[in-house]
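Report on the following structure.
The values are calculated or read from the model by the stated rules, or taken from the named source; none is laboratory data. Since the structure is predicted, the reported quantities are computational estimates derived from the model, not experimental observations. Glycine gets a Cβ as well: all are built from the backbone with ideal geometry, and neighbour counts include every protein chain shown.
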Amino acid sequence: MKHRITGLLIVATCLCTTVSSHAQFGGLTKSVPGVGAAGAAGPDVGAMSKDLFGNFTPAAKDLAEAADLYAKALDIKIKDNKAGAESKNESAVDLADMEKVNQVAKEVAEQAKDPDKLNMSPEQKETLKQAHQKLLSGGGKFVAVSAPTALAIKHVTDKDPKALALHPDLVRLAASCAKDGNTILGLLSDSRKLCKAKAIDVPEDTEFKPQ
């Protein structure tokens with residue numbers, strides 16, 4: 001899992017460099033399943049973006065629901081993201097959801113440093129259990145789509161590096177596929193620590209199973 005996340009981070013870093021410098025980089029020559037082959041004139045980035053975010057949405061939604069449950073169980077205040085919440089654009093909603101996950105993960109990490117300080121009601125413990133279960137679901141979906149998504153975006157860059165300059169949401173998606181893998185893996189570890197401290201029965205998974 002760690003090697004996979006490191007590889008994704010390299011892909012996202014290269015993507016960001018490509019957009020700023022318009023420098024091509026090789027490597028991926030095959031089409032990514034589910035995205036469609038690029039024609040001689042280059043890929044239809046708009047259509048591909050819709051497909052990629054459509055595939056990513058189930059993971060983002062589950063992870064955001066997990067974040068909401070963690071916030072409820074641990075009394076975490078989440079910054080209101082009106083742009084994401086009110087937008088009808090799928091990409092904006094997905095990216096806002098992942099920002100929420102990152103925010104909550106930081107707070108959970110702080111509380112996991114000294115779980116004995118937490119006083120939780122039975123209702124809060126049950127909500128924490130639900131959060132952990134939803135995290136496992138969202139994390140499983142995330143690891144299933146993150147690598148194909150990052151590679152599909154790299155495929156666009158290989159064909160036409162300037163195309164991503166017009167689609168910064170794809171650059172952000174690639175970055176999420178890379179760095180947020182570490183974030184949710186850390187959240188899983190912290191969640192297990194909190195559940196163990198509060199005698200909450202949850203699976204002993206230390207990584208996510210692709211779904």
>> Restricting to the stretch 140-190, give me the number of residues that are of a type outside the set (Ser, Thr, Tyr), in a helix (DSSP H, G or I) and within 11 Å of residue 45 (Cβ to Cβ).
In response: 12
> Is it the case that the stretch 108-130 has a residue that's among the small types (Gly, Ala, Ser) and surrounded by 23 or more Cβ atoms within 10 Å (Cβ to Cβ)?
Replying inline: no
>> Being surrounded by fewer than 13 Cβ atoms within 10 Å (Cβ to Cβ), modelled with pLDDT of 50 or more and part of a helix (DSSP H, G or I) is the requirement here; does residue 46 meet it?
In response: yes
>> So, residue 79, is that one at pLDDT below 95, surrounded by fewer than 18 Cβ atoms within 10 Å (Cβ to Cβ) and basic (Lys, Arg) or not?
In response: yes
> Right, residue 90: among the acidic types (Asp, Glu) and modelled with pLDDT under 90 or not?
Replying inline: yes
